[in-house]
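I have placed the structure first, in the form of structure tokens, so that the comments after it can refer back to it.
The values are calculated or read from the model by the stated rules, or taken from the named source; none is laboratory data. Keep in mind the model is a prediction, meaning the values are calculated, not measured. Note that each Cβ is placed from the backbone with ideal geometry, even for glycine, and that neighbours are counted across all protein chains shown. These accessible areas exclude ligands, DNA and RNA; they are computed on the full protein's heavy atoms, side chains included. Shrake-Rupley method; radii C 1.70, N 1.55, O 1.52, S 1.80 Å.
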Amino acid sequence: MSLPELQKSYFQLFDLPENFALDQAQLGERYRELQKELHPDRYASGSAHEQRLAVQYSALINEAYATLRKALPRALYLLKLAGMSKEDISGQKVDGSFLMAQMDLRENLMMLDETGDPEAALEHFVTEIDVDVKQLHREFSRAFSAGELTSAAGACVKLQYLEKLLEEAEQMESRLIDNQN
Amino acid sequence: MALLNIAEPGQSPLPHQIKRAIGIDLGTTNSLVAAVRAGSVDILPDEIGVMMLPSVVNYTDVRRPLVGAGALSLATQHPADTLMSVKRFMGRGSRDAVADAQRSHYHLADGEEGLVRFITSSGERSPVEVSADILRVLHQRALATLGGEIDGAVITVPAYFDEAQRQATKDAATLVGLRVLRLMNEPTAAAVAYGLDAAEQGVIAVYDLGGGTFDISILRLHKGVFEVLAIGGDTALGGDDLDAALAEWVLQHCGSPALAPGQYRQLHAAARAAKERLSDEVAVDLDLTGVLPSGGAVQVTRETFDSLIEPLVKRTLGACRRCLRDAKLDAGIDNIVMVGGSTRVPLVREAVADFFQRRPLVDIDPDQVVALGAAIQADILVGNRSEGDLLLLDVIPLSLGIETMGGLVEKIVPRNTTIPASRAQEFTTYKDGQTALAIHILQGEREMVSDCRSLARFELRSIPPMVAGAARIKVTFQVDADGLLNVSAREEITGAQTSVTVKPSFGLSDDEITAMLQASFSHAVEDKLARQLAEQRVAGWQLLDGLNAALTADGEALLNEEDRTTLATLMIELQALLEGQDTAAIHSLIERLGRQSETFAGRRMDKSIREALAGISLDSLDDEVMQ
Ligand SMILES: Nc1ncnc2c1ncn2[C@@H]1O[C@H](COP(=O)(O)OP(=O)(O)OP(=O)(O)O)[C@@H](O)[C@H]1O
Ligand SMILES: [Mg+2]
């Protein structure tokens, strides 16, 4: 059983360059290849030791895949590889105008219930945030490739705010679904 | 769809290498066993050719239990000895099972660790033992039909089964000496039965409406790998609820007479029979013999029935919408698979077709499809098929986390995470000199401990005494491919370590689980406010405790009198605020007090870390770093 070396980065595990921009098709392809080899199902009639190892390696690959597949965890992971600690990243200051805008957005979200067509309003809200998210992805990508780690980390912190907002929008959507029934 | 052709010509292993593997659908109302033989998968019938085994066991005869149709026929004569729908009791505490038991006329006893036990003429039986008796019959049937020892079995469970229910199912199989190759989610098994054409690609939704539960799963099949993208559902919504809606309507129609328990049971049975006939007919007579003294019948049209069950069907569609959103698809669904007896209801089929804009697949008998899929997976796992075969990547249905301060749950493995999974999180001590940390493991979506299901508790001991916040305790959750959890905790400086395999011993009823899930969506705002207040209170008390202890220990040595007085004044002020509800005021005072005590904390931290590291030799420090 060939095992991936733990010393490798997640990118190396999937034969991908250490970039923010990433070939999702290749990521998925390689993920399935690795799981086909290492998943515990492949060792269901193997020894207890083999099975335990398979669980660990398969879990590692799932974790690596989950990290690279989505933009924000991937960006944070790149910063980690570049030597930034969690505290370095969370310590980034965000400008006041961004925070003000966040507060407004959150307020808008909370008021959506009261609009005539909350579902449409929610969809519009999410689409608008997605535009900002894409913009921040570009900002991160540029800053990171230019080696400007501090501004890359700044973009991540902003993305975390937006991610939270999207999570809240999701909860709102669930409530709307429940209320219909 | 080509279901039956499994092995390609020339690919099958030599006969003497073929192992005997079976798939078992251990259902609430009916159970089945299936196997792959000579390249085709089928249900194994009993000696007179019957496929379905009613999940009913009668314990009147002390020499041996009677399982299946024979037991069912004794149900009215010996209600307390005839156990049905035992799946609803698996992994449940007696406290939680009382309502279900009353409805079923069982007598309960408290078992070990609060687990439920039924009292019968042949003594006490646990749900695990009853399930084992059902499994034993299916095992025997497989031995007889396959002509030899069984090498392994795949047993299906509802996707929404939690830890305790999964563990109980596995225990039942162990009791009869079955080697469990894998516990498999029922909808996933159905998808496997349909998705066998390995060439096929696309996204499949499985809509499973059985007797007592509703499950929805969305999977992607890509080059022989089945990836479960999201699952959702309702553990307390099924055919039983359709029966109840119809029974309720009949009662009102008859002027709401008061009924005795026996008459109620009769009414529900009549409602179920009428419901099932309405799947083929547009109007039926519902027989009231044994329900009303006058007997007679009442006519029910499909139109009336449809209007009665529409709200329930809509509820399932709500769960479908959420699941679709969780799956985060770029494109639509390619196929929708129907599973479970209740998907025979025409309105259900129409509503599902409408919602997904696809005609649902019903080519495979919805009663059999789960067992067939399980048999295919068993055949793969036991090693009968060549490399590069179908691989399944499933997810966990409910989030797993641990209790943090103030009765809050910190999620460590969120729901819909692909398994096997391993996640670690660091925690720290909150009191000076704290040498043990209690770890409380929970499952559920809500933010407060009291709203989630408690799975296990354990303690990490021999943490070296340090100031609050200096210890680094890494808690690792590992979920295996059966969805079973193992938790370990380790103090990173000394390497003190402890772990448990989670084997939950008490639980919640299905209603409570459903309520928990629904509440997690509808209480989001309320939760948040409560959470914020709780968080601030915890932070406040923690700060006060910490400062008190610190001042007692080092106040005199490290601070001058003026600084001590300033701190004490603020501390008293904070203490008063903590009794109230003003989250914002608490927060701002904590900040102020925190800033005020920063230097003091820094001086103490230096002192404490030097002391903590003093006893450890460089060698062992290196070891810790290496790992
Ligand atoms: N023709 C029919 N029309 C409508 N409902 C039906 C029909 N046949 C069976 N049912 C209903 O299907 C339900 C049983 O379904 P099924 O056998 O799939 O459940 P199960 O697998 O035992 O339960 P679960 O999956 O919840 O554990 C019962 O409520 C029954 O009344
Ligand atoms: Mg079923």
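Pick out, from A:Asn179, A:Val94, A:Leu162, the residue whose Cα sits farthest towards the positive end of the charge dipole of the stretch A:86-180, with +1 on the Cβ of Lys and Arg and -1 on the Cβ of Asp and Glu. Result: A:Val94.
Note on A:Lys80 and A:Glu33: the model spin-label points, each 7 Å out from Cα along the C-beta direction, lie 2.4 nm apart.
Contact residues in the stretch B:360-408 (at least 40 Å² less accessible area with all protein chains than alone, 1.4 Å probe): B:Leu381, B:Leu391, B:Leu393. Estimated at the nearest 10 Å², the accessible area of A:Glu87 is 130 Å² with a 1.4 Å probe.
If only the Cβ of Lys and Arg carry +1 and only the Cβ of Asp and Glu carry -1, the dipole of the stretch B:239-309 around its Cα centre is close to 240 debye. Be a star and scan the stretch B:545-564 for residues whose amide nitrogen sits under 15 Å from the point 7 Å along the Cα-to-Cβ vector of B:Gln575. What the label zone holds, given the 15 Å backbone N cut-off, is B:545-552. For the protein assembly as shown, carbon and sulfur atoms together expose 51% of the accessible surface, with a 1.4 angstrom probe and every protein chain in place. Considering only Cα atoms, the convex hull volume of the stretch A:10-69 works out to 63 Å³ per residue.
A simple spin-label model places pseudo-atoms 7 Å from Cα toward Cβ; at B:Ser73 and B:Glu149 they are separated by 3.7 nm. Residue by residue along A:162-171, Cβ atoms of other protein chains within 10 Å of the local Cβ number 2 on average.
Buried surface between chains A and B: roughly 3200 Å² of accessible area, summed over both sides, computed with a 1.4 Å probe on protein heavy atoms only. Once Rh for the stretch B:139-239 is found with the Kirkwood sum over Cα pairs, what is the Stokes-Einstein diffusion coefficient at 10 °C and 1.306 mPa s, in µm²/s? In µm²/s, the coefficient is 105. Let a ≥ b ≥ c be the square roots of the eigenvalues of the Cα gyration tensor of the protein assembly as shown; is it rounded (a/c under 1.5), or, if not, prolate (a/b larger than b/c) or oblate? It is prolate, given that a/c is not under 1.5 and a/b is the larger ratio. GNM remark for chain A: springs join alpha carbons under 10 Å apart, and the peak mean-square fluctuation among A:Ala48, A:Ala64, A:Ala143 falls on A:Ala48. Counting only Cβ charges, +1 for Lys and Arg and -1 for Asp and Glu, the dipole size of the protein assembly as shown around its Cα centre is about 1320 debye.
Mean per-residue shielding of peptide B:311-320 is 2, counting Cβ atoms of other chains within 10 Å of each Cβ.
Each of the peptides B:143-156, B:179-192 was scored by the mean count of other Cβ atoms within 10 Å over its residues; in descending order, highest first, they stand as B:179-192, B:143-156. Mean projection of the Cα convex hull over all viewing directions, computed for the stretch A:86-180: 6.6 nm².
For the pair B:Leu259 and B:Gln596, the difference between a 0.36 nm per residue extended length and the Cα-Cα distance amounts to 114.2 nm. Full extension of the chain between A:Asp88 and A:Glu107 yields a length gain of 3.9 nm, computed as 0.36 nm times the residue separation minus the alpha carbon distance.
Counting Cβ atoms of other protein chains within 10 Å of each Cβ in A:32-45 and taking the mean gives 6. So if R0 is 41 Å, what FRET efficiency would B:Gln357 and B:Ser462 give, r being the distance between their Cβ atoms, rounded to the nearest 0.05? The formula returns an efficiency of 0.10 here.
Taking a span of 18 Å or more along the helix axis (Cα atoms) and a mean Kyte-Doolittle hydropathy of at least -0.5 as the rule, the DSSP H helices of chain A that qualify are A:48-69, A:96-111, A:118-145, A:149-180. If the chain linking A:Asn179 and A:Ala25 were pulled fully straight, counting 0.36 nm for each residue of separation and taking away their Cα-Cα distance, it would gain 51.6 nm. In terms of the mean number of neighbouring beta-carbon atoms within 10 Å, the peptides B:315-328, B:40-53 order highest first as B:315-328, B:40-53. Here B:Arg325 and B:Ala438 are evaluated by their C-beta separation; at R0 = 35 Å the FRET efficiency comes out at 0.45. In a simple Cβ point-charge model (Lys, Arg +1; Asp, Glu -1; nothing else charged), chain A has a dipole of about 940 debye relative to its Cα centre. Using DSSP to call loops (not H, G, I, E or B), can you name the trypsin sites (Lys or Arg not before Pro) in the stretch B:352-442 whose Cβ has at most 14 other Cβ atoms within 10 angstrom? The qualifying sites are B:Lys431. Taking a ≥ b ≥ c as the square roots of the Cα gyration tensor eigenvalues, chain A comes out oblate, since a/c reaches at least 1.5 and a/b does not exceed b/c.
Each peptide in B:446-453, B:215-222, A:115-122 was scored by the mean count of other Cβ atoms within 10 Å over its residues; highest first, the order is B:215-222, B:446-453, A:115-122. Rolling a 1.4 angstrom probe over the protein heavy atoms with all chains in place gives the protein assembly as shown an accessible area of 45 Å² per residue. Calculated [222 nm] ellipticity per residue, helices only, for the protein assembly as shown: -15500 deg cm²/dmol; basis is -39500 (n - 2.57) per DSSP H run with n ≥ 4, divided by all residues, nearest 500. For the stretch B:400-508, dividing the convex hull volume of the Cα atoms by the residue count gives 93 Å³ per residue.
Of all DSSP bridge pairs formed entirely within the protein assembly as shown, close to 80 percent run antiparallel.
Taking 60 Å as R0, compute the FRET efficiency from the Cβ-Cβ separation of A:Ser97 and B:Asp280 and round it to 0.05. Efficiency at R0 = 60 Å is approximately 0.35.
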